[in-house]
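Quick notes on the structure that follows.
The values are calculated or read from the model by the stated rules, or taken from the named source; none is laboratory data. All figures in this text were calculated on a predicted structure; none of them were measured in a lab. Here the Cβ positions follow ideal geometry from the backbone for every residue, glycine too, while neighbour counts run over all protein chains shown.
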């Protein structure tokens, strides 16, 4: 862990960029760690979050990841049932969009 943590504003100033760019770098780093298999606790430590609630604010699920999970589940069910090969996966996000733009946010229920 670094000995000195910078604020987003200080990091932007040192890099000569805007805060938005620094925040995007932080988010991309978080996504990369998740794809490498980091647990929620790993992310909490790396991002300096003291609560699960704070860490969960930054958790997102992309359409691509949801398709991957659904395909894995379908393969497992078909294998266990002894049925045919799974269907081909659904097409990806619309042309010209990135995973970042195709983020799926859960429906929040209000009490």
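Applying the selection to segment 27-38, what residues are in a helix (DSSP H, G or I), touching a helix residue (DSSP H, G or I) at 6+ places or on another chain (Cβ under 9 Å) and surrounded by 14 or more Cβ atoms within 10 Å (Cβ to Cβ)?
Correct list: 30, 33, 34.
Pick from segment 39-69 the residues that are within 15 Å of residue 26 (Cα to Cα) and assigned to a loop (DSSP other than H, G, I, E, B): which of them is modelled with the lowest pLDDT?
Among those that are within 15 Å of residue 26 (Cα to Cα) and assigned to a loop (DSSP other than H, G, I, E, B), it is 60.
Residues in segment 6-13: is at least one closer than 22 Å to residue 65 by Cβ and surrounded by 12 or more Cβ atoms within 10 Å (Cβ to Cβ)?
No, segment 6-13 contains no residue that is closer than 22 Å to residue 65 by Cβ and surrounded by 12 or more Cβ atoms within 10 Å (Cβ to Cβ).
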